[in-house]
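Participant: The structure's right below; bear with me while I get my questions together.
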Amino acid sequence: MTAVVLKPHLLAETYDICFEKLYLFSLQQRESIFENALRTALTSKLAFCRFVYSLRCNCTLWFSQYDVKLNYDGMPFLIDGKCLNLIQPFLKFAYKVSFFRVKFGTAGEDDFMKRLEDVVDLRHMIMHDHTIGIEVQKKMVNVFAKLTIFDVDVGTFVTLLDETDVPFPNLEHLKLYLNPESIDTIVTTSDRFPVLECLEVHLQTLYETLTDLRFAENPFPTVKNLSINVYDFSALNSPVEFNFEFCKNWLKSFSSLKKAEVSIKKYIFHVPNDDHERKQHLQSAFRSTDYGVDLDLIFKIESLNSDYQWQYRLPFRK
């Protein structure tokens with residue numbers, strides 16, 4: 001039988017479709033399809049490189065309790081059986097890793113660290129519900145040094161700042177997930193974060209007010225681009241209002257800031273049907289405030305009777 005050699009773009013497309021369609025099949029079928037994709041990837045240097053590219057674009061290496069899984073678009077599948085040996089040459093090229101309630105098992109912390117450090121192309125890490133203690137985090141200094149993107153809960157981030165001197169020499173993009181009472185304790189230095197330019201803050205205020213969101217003075221001295229995402233559950237019975245001075249106060253804390261995006265999602269029980277006057281009032285209030293930087297703001301209202309979204313954009317008035 002004559003072997004058919006796919007052109008590079010078709011080979012790449014085949015792998016992408018393989019990842020995209022896996023969820024349509026049963027677990028047994030999924031493992032068989034993935035095994036065949038791995039065997040194909042091992043047939044040539046080109047096939048290997050194309051599979052690595054698809055793996056980096058589509059998948060997260062997920063350390064979950066005692067197991068290591070691949071996660072595609074929220075769908076994890078366990079690496080075991082025949083696939084376990086076949087996939088080993090590819091795992092070190094994973095771009096993104098995440099952790100979920102990690103347990104070290106009988107092999108202990110050293111085995112966990114070896115598996116993590118073997119991921120030589122790691123650039124993006126997600127640390128939320130991870131259960132990795134500070135003593136293990138201190139050993140991850142070489143791993144942290146490779147990161148360009150870091151998604152982390154504020155508790156973990158504050159602990160790293162306060163209890164270690166771990167530097168992040170290549171970190172460009174930080175995503176913080178937190179409650180408002182924690183963020184004003186964060187102060188970083190350009191020595192530990194020399195190239196950090198982008199910061200995302202994802203915040204949920206459960207029955208509190210947005211006045212609780214405060215930043216320390218100059219908390220991220222190198223950050224030029226800031227994104228704040230606020231979910232506001234306060235004053236569920238109140239009219240649709242927002243004090244844009246809050247935004248101004250948030251942004252002025254960042255000494256090197258050039259551009260900001262603020263997304264505010266507010267929940268109330270009932271929105272008046274005729275909102276034109278209120279919309280004009282909000283727009284005037286937004287435009288009359290000097291934020292000091294270019295600002296994109298999305299103000300979204302969700303209620304029992306209707307949803308609204310208003311988007312404002314202002315260049316900095318020099």
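Participant: So which residues in the stretch 84-124 are aliphatic (A, V, I, L, M), surrounded by 12 or more Cβ atoms within 10 Å (Cβ to Cβ) and part of a loop (DSSP other than H, G, I, E, B)?
Facilitator: 94, 102, 119, 122
Participant: Here's another thing I want to ask about it. Out of all the residues in the stretch 69-100, which are modelled with pLDDT under 80 and of a type in the set (D, E, K, R)?
Facilitator: Matches in the stretch 69-100: 69, 73, 80, 82.
Participant: Return the total of residues in the stretch 228-252 being in a loop (DSSP other than H, G, I, E, B), surrounded by fewer than 17 Cβ atoms within 10 Å (Cβ to Cβ) and either at pLDDT below 70 or of a type in the set (Ser, Thr, Tyr) (or both). Give the steps one after another, and end with the answer.
Facilitator: Initially, the stretch 228-252 is screened for residues in a loop (DSSP other than H, G, I, E, B), giving 233-244, 252.
Those still in the list that are surrounded by fewer than 17 Cβ atoms within 10 Å (Cβ to Cβ) too: 233-239, 241, 243, 252.
This time we only want the ones that are either at pLDDT below 70 or of a type in the set (Ser, Thr, Tyr) (or both), so: 233-239, 241.
Adding up the residues that qualify gives 8.
Participant: Do you know which residues across the stretch 125-152 are more than 11 Å from residue 168 (Cβ to Cβ), outside any strand (DSSP E or B) and β-branched (Val, Ile, Thr)?
Facilitator: Answer for the stretch 125-152, where residues must be more than 11 Å from residue 168 (Cβ to Cβ), outside any strand (DSSP E or B) and β-branched (Val, Ile, Thr): 131, 132, 134, 136.
Participant: Look through 162, 110 and report the one residue that is more than 27 Å from residue 189 (Cβ to Cβ) and in the same structural domain as residue 215 (by the TED database).
Facilitator: Among 162, 110, only 110 is more than 27 Å from residue 189 (Cβ to Cβ) and in the same structural domain as residue 215 (by the TED database).
Participant: Restrict the check to the stretch 53-68 and report whether at least one residue is modelled with pLDDT under 80, charged (D, E, K, R) and either surrounded by 12 or more Cβ atoms within 10 Å (Cβ to Cβ) or outside any helix (DSSP H, G or I) (or both).
Facilitator: yes
The values are calculated or read from the model by the stated rules, or taken from the named source; none is laboratory data. From a predicted model like this one, the values you see are computed outputs, not experimental measurements. Please note: Cβ atoms are built from the backbone with ideal geometry, for glycine as well, and neighbour counts cover all protein chains shown.
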